[in-house]
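Worksheet: one structure, shown below.
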Amino acid sequence: MEPNGYIIRDCRKKFLPLTELESQKKEEAVQIEAVYFNNRNQIKNDSYVNIKELLNEKIIIKFNQGINDFISKYSKEGKPNPICTLTIDVPIPNFSSLPYSYQPFILAANVTAKDDKICWNIFEGNRIDILNWLDPIIKESKHGLLAH
């Protein structure tokens, strides 16, 4: 006890590194091995991709193990329900040479899972509309789009 009558102690909670947690249950995970277009061209991280190719091809994500059982285990109904989104960040034009903001758009698509792969395929009706909408933006932009 301090002379003024107060008790001083450290009441901060310590956060252990995840490797030191005493958990009997090991978390399951799958690892992405590759991402490629349906035509088998691999999409490397941070690579430049033509927007038309991006929207005209199916995107395949290959995992290190079968994905259906893993997805079923964590879905509400116990059925495979893969979730995979493709977001395009579109620059908002301005009068300077640099964009001051990007607007994210999540593209609606059909997503299926089979064996060790998830397949992302944009809805057919959306493809042409999105290409028509993005075409003038791409032509005016010096910075391109970001897809993730």
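Some observations on this one:
- Pairs beyond 20 Å (Cα-Cα), from 44/117; 52/117; 44/114; 52/114; 58/114: 52/117; 44/114; 52/114
- Cβ crowding within 10 Å ranks 6, 102 as 6, 102, fewest other Cβ atoms first.
Read-outs: derived from the displayed coordinates by stated rules, not from any lab. The model shown is predicted, which means the values in this text are computed figures rather than measured ones. Every residue, glycine among them, receives a Cβ derived from its backbone with ideal geometry; neighbour counts consider all protein chains shown.
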